[in-house]
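Q: Shown below is the structure under consideration.
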Amino acid sequence: MLESSAFRVLSLSAHRVLNRVEIELAHHGGKDNGRLPVTFDDFERYGVHRHAIAPAIREAVALGFLGITQAGRAGNADWRKPNMFRLTYRPAKGVYGDGSHEWRKIESEQTAHLISTTARNASKKTQPQCRKMPNLSPTKPSKEPQTHSTERGAKGTGREHPPTRDLPGG
């Protein structure tokens with residue numbers, strides 16, 4: 001595995017992600033592969049920059065070294081749960097058996113590099129954030145000049161509201 005094309009193209013962040021999941025497997029006594037909970041905070045404490053964690057995980061999964069058996073979710077303390085990971089090159093109980101070794105399917109370094117960069121650049125964000133409505137129109141919004149109230153021409157006086165009366169004392 002260490003001599004494979006897929007392993008050679010792994011980024012430093014992806015190497016650290018794999019190492020941190022290996023540490024979690026060791027904390028479980030070498031058992032529970034497929035049920036290894038590792039949080040973003042765990043990865044960050046291990047030295048992976050917070051913004052590099054998700055791309056590194058996608059890269060390790062795409063190259064066949066790591067599997068996510070149960071997707072986690074962010075949120076407050078009541079709803080938060082970590083991803084559950086499986087190392088594909090280690091034995092696991094149940095349906096995974098003696099390791100699926102998915103990294104073996106990648107034969108050339110060019111293919112591995114293409115898979116790696118595609119996975120790192122992919123993003124899961126498909127929903128609009130903060131109730132923003134997505135612009136689904138095929139054309140760009142028009143750039144018509146905005147007219148101000150003083151530019152209304154001969155029709156108006158240039159005022160939007162009628163004048164207020166001066167009140168005594170203020």
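Q: Suppose we filter the range 75-97 for residues that are touching a residue at least 24 places away in the same chain (Cβ under 8 Å), farther than 16 Å from A112 by Cβ and not in a strand (DSSP E or B); how many remain?
A: Of the residues in the range 75-97, 7 are touching a residue at least 24 places away in the same chain (Cβ under 8 Å), farther than 16 Å from A112 by Cβ and not in a strand (DSSP E or B).
Q: When only residues in the range 1-46 that are part of a helix (DSSP H, G or I) and free of Cβ contacts under 8 Å to residues at least 12 places away in the same chain count, which is most open to solvent (accessible area, probe 1.4 Å)?
A: My answer is R45.
Q: Another question about this same structure. Would you check if there is a residue in the range 50-66 being over 18 Å from L10 (Cα atoms) and free of Cβ contacts under 8 Å to residues at least 12 places away in the same chain?
A: no
Q: Moving to a separate point now. If you take the residues in the range 47-88 that are buried (at least 21 other Cβ atoms within 10 Å of the Cβ) and β-branched (V, I, T), which one is farthest from T111 (Cα to Cα)?
A: Ranking the candidates gives V48 first.
Q: I would also like to ask the following. Hey, any hits in the range 94-114 for a residue that's more than 20 Å from the chain's Cα centre (by Cα), more than 21 Å from S13 (Cα to Cα), surrounded by 21 or more Cβ atoms within 10 Å (Cβ to Cβ) and modelled with pLDDT under 90?
A: Scanning the range 94-114 turns up no residue that is more than 20 Å from the chain's Cα centre (by Cα), more than 21 Å from S13 (Cα to Cα), surrounded by 21 or more Cβ atoms within 10 Å (Cβ to Cβ) and modelled with pLDDT under 90.
Q: Inspect all residues belonging to the range 36-57 and state whether any of them is among the small types (G, A, S) and farther than 22 Å from A122 by Cβ.
A: yes
Q: Only one of these is in contact with a helix residue (DSSP H, G or I) (Cβ under 6 Å, 6 or more places away or on another chain) and β-branched (V, I, T): T88, T39, T111. Name it.
A: T88
Q: Now, a different point. Does A60 satisfy being within 22 Å of T118 (Cα to Cα), touching a strand residue (DSSP E or B) at 6+ places or on another chain (Cβ under 8 Å) and modelled with pLDDT of 90 or more?
A: So A60 passes the test.
The values are calculated or read from the model by the stated rules, or taken from the named source; none is laboratory data. Treat the numbers as computed from the prediction; the structure is a model and nothing was measured. Cβ: placed from backbone, ideal geometry, glycine included. Neighbour counts: every protein chain shown. Ligands, DNA and RNA are excluded from the accessible area calculation, which covers all protein heavy atoms including side chains. Shrake-Rupley method; radii C 1.70, N 1.55, O 1.52, S 1.80 Å.
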